[in-house]
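Below: one structure, written as structure tokens.
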Amino acid sequence: MNYPVLTIVVPCYNEEEVFQETSKQLTQVIKELIDEHLISKESNILFVDDGSRDRTWDLIEAETNQNIYVKGLKLARNVGHQNALLAGLATASKQADCVISIDADLQDDIRAIRTFVEKYWEGYDIVYGVRNKRDTDTFFKRTTAVAFYRLMNKMGINLIFNHADFRLMSKRALEELLKYKEVNLFLRGIVPLIGFPSTKVMYDRKERFAGESKYPLKKMLAFAFDGITSFSVAPIRFVTLLGFLSILLSILIGGYALIQEWRHHTVSGWTSLMLSIWLIGGLQLLGIGLIGEYIGKIFKEVKKRPRYAIETDLYTKEAKQSSPAPKTSEN
Ligand code: UDP
Ligand code: MG
């Protein structure tokens, strides 16, 4: 019987305090799923060390020697959560049929992993883990997060609300993901662009059981800004709009200045200054916005994003259809 090989990818940056517990709990989950014939015996956990400066890699290496389910990948330096995760996903895609990504601090409920796998059996390619509530987050993190999702959606970026990087992806979805060659990586924005059948699984997010967040405010803001500027030219459009508005306003102010001039309420030179400041200001903004539009196009071109992903091909006869539902091979 053909069971799918599952790899759980865990990016780790200075996680020596949580590693052992995380490894223990995830191994337990893998063993249970194997026993229940939901996944293959070759399933494993891949810990990606993102250039940690503590003993994280030593711990990972030691664990791989005594735990057959644990594998390790060491990056040469710290490249950040998103890139570390991608490195793990790319490595896992060579052997696994489906991959689950989860943070090393186990804030995401590992019991959801089972449901993820069940959804995979039902034929879903992408399963998003979505938090029920955010009461373990600080008030600040919660409100800024909500504002962020709103802003992103306004700008036409399709994000799954309250979904971080806890998700399952099938091999074929992963292969499509790996075709996105952009350097400014914002996985949460890219995954919904791939397509394929997808679903959500709700879970409760817990607090970090040890160690501290590797996402201080500065990194969080940089991450949010990256998300916006990697997916949207809305800020550029805003400049263009501002230019138009200024020019409109310059007409109004021009009228006002001329009336004042006509009524002799002005000192000499004021009218011409008023007229030119507003008009030139508006024209400049418009010009910047226009240049921005072209830069926006270049920005989209240089990303070389794939333009489509084929789900079923009934034309090419020898096309291998890798359906995510292994159920067919079962009986
Ligand atoms: N992480 C990483 N590289 C970094 C920062 C974080 O691989 O440069 C990992 C970290 O080890 C954890 C995950 O990304 O597994 C999420 O980080 P964290 O839990 O600190 O973020 P938070 O949950 O506070 O948003
Ligand atoms: Mg965390």
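The values are calculated or read from the model by the stated rules, or taken from the named source; none is laboratory data. Because the structure is a prediction, the values reported are computed rather than measured. Ideal geometry is used to build each Cβ from the backbone, glycine not excepted, and the neighbour counts take in all protein chains shown. Quick note on the areas: whole protein, heavy atoms, side chains included, nothing else; ligands and nucleic acids left out. Shrake-Rupley method; radii C 1.70, N 1.55, O 1.52, S 1.80 Å.
About its Cα centre, how strong a charge dipole does the chain have in debye, to the nearest 20, once Lys and Arg get +1 and Asp and Glu get -1 at the Cβ?
Dipole of the chain, to the nearest 20 debye: 1060 debye.
Report, by chain and number, residues whose modeled amide H sits under 5 Å from the one on GLU182, excluding near sequence neighbours (fewer than 5 apart, same chain).
Under 5 Å from the amide H of GLU182 lies no amide H from a residue far enough along the sequence or on another chain.
Report, in degrees rounded to the nearest 10, the 0 to 90 angle that the Cα long axis of helix 139-154 makes with the longest principal axis of the chain.
The angle comes out near 70 degrees.
Checking the cross-link filter: which aspartates and glutamates have an alpha carbon closer than 19 Å to that of LYS200, excluding same-chain neighbours under 8 positions apart?
Within the straight-line limit of under 19 Å, LYS200 reaches these aspartates and glutamates: ASP103, ASP108, ASP109, GLU118, GLU122, ASP125, ASP165.
Mind ranking 61-72, 77-88 by how tightly packed they are, going by the mean number of other C-beta atoms within 10 angstrom, highest first?
77-88, 61-72
What part of the accessible area of the chain, given as a whole %, is carbon or sulfur when the probe is 1.4 angstrom?
Here it works out to 59 percent.
Towards the positive end of the charge dipole of the stretch 26-181, with charges on Cβ (+1 Lys, Arg; -1 Asp, Glu), say which of THR138, MET155, ILE110 has the farthest Cα.
It is MET155, whose Cα lies furthest towards the positive end.
Please identify, among GLY255, GLY227, GLY51, the residue showing maximal mean-square fluctuation in a Gaussian network model of the chain using a 10 angstrom Cα cutoff.
Largest GNM mean-square fluctuation: GLY255.
How large are Rg and Dmax for the stretch 182-231 when only the alpha carbon atoms are used, in Å?
Considering the stretch 182-231 through its Cα atoms, Rg and Dmax are 14.3, 37 Å.
Most fluctuating residue of ILE236, ILE194, ILE228 in a GNM of the chain with Cα springs under 10 Å: which is it?
Top of the fluctuation ranking is ILE236.
Where nothing but the Cβ of Lys and Arg (+1) and of Asp and Glu (-1) is charged, how large is the charge dipole of the stretch 1-138 around its Cα centre, in debye to the nearest 20?
Approximately 260 debye in magnitude.
Checking the table LYS119/LYS300; LYS171/LYS303; LYS154/LYS218; LYS133/LYS304; LYS206/LYS297; LYS218/LYS297 against a 32 Å threshold on Cα-Cα, which pairs fail?
LYS119/LYS300; LYS133/LYS304; LYS206/LYS297, as the Cα separations exceed 32 Å there.
Just add up the charged neighbours of LEU85: K/R +1, D/E -1, any other residue whose Cβ is under 10 Å from the Cβ of LEU85.
Value of the local net charge: -3.
If you count the DSSP beta bridges with both ends in the chain, what percent of them are antiparallel, to the nearest 5?
Bridges in the chain that DSSP calls antiparallel: roughly 30 percent.
Which whole number of Å³ per residue matches the convex hull of the alpha-carbon atoms in the stretch 42-116?
105
For helix 16-35, what angle does its Cα long axis make with the longest principal axis of the chain, in degrees from 0 to 90 and rounded to 10?
In the chain, helix 16-35 runs at an angle near 60 degrees to the longest axis.
Compute the long axis of helix 81-92 from its Cα atoms, compare it with the longest principal axis of the Cα atoms of the chain, and write down the angle in degrees, 0 to 90, nearest 10.
On a 0 to 90 degree scale, this one is about 40.
Quick one: Kirkwood hydrodynamic radius for the stretch 100-253, alpha-carbon pairs, angstrom, one decimal?
17.6
Can you give me the long-range amide H partners of PHE166? Hydrogens built in the peptide plane at 1.01 Å from N, cutoff under 5 Å, separation of 5 or more residues or another chain.
The list, which skips near neighbours in sequence, is GLY129.
Taking 20 °C and 1.002 mPa s as the conditions, I'd like the Stokes-Einstein D for the stretch 1-130 in µm²/s, using the Kirkwood hydrodynamic radius from alpha carbon pairs.
Answer, rounded: 146 µm²/s.
Counting residues in the chain as N, plug N into 2.2 N^0.38 Å and put the Cα Rg over that result.
Normalised Rg, Cα atoms only: 1.30.
Return the equivalent ellipsoid semi-axes of the stretch 1-56 as a descending list in whole Å, where each equals the square root of 5 times an eigenvalue of the C-alpha gyration tensor.
The answer is 26, 12, 5 Å, longest axis first.
Sort GLU207, GLU21, GLU176 from largest to smallest accessible area, using a 1.4 Å probe on the heavy atoms of the protein chains.
GLU207, GLU21, GLU176
Would you mind telling me which residue in PRO235, PRO11, PRO192 has the biggest mean-square fluctuation in a Gaussian network model of the chain, where springs connect alpha carbons within a distance under 10 angstrom?
Ranking PRO235, PRO11, PRO192 by mean-square fluctuation puts PRO235 first.
Counting helices only, and only those DSSP H runs with n ≥ 4, report the 222 nm mean residue ellipticity of the chain as the sum of -39,500 (n - 2.57) divided by its residues, in deg cm²/dmol to the nearest 500.
Using -39500 (n - 2.57) per qualifying helix, the result is -16500 deg cm²/dmol.
Can you give the accessible area per residue of the stretch 14-58, in Å², using a 1.4 Å probe?
48
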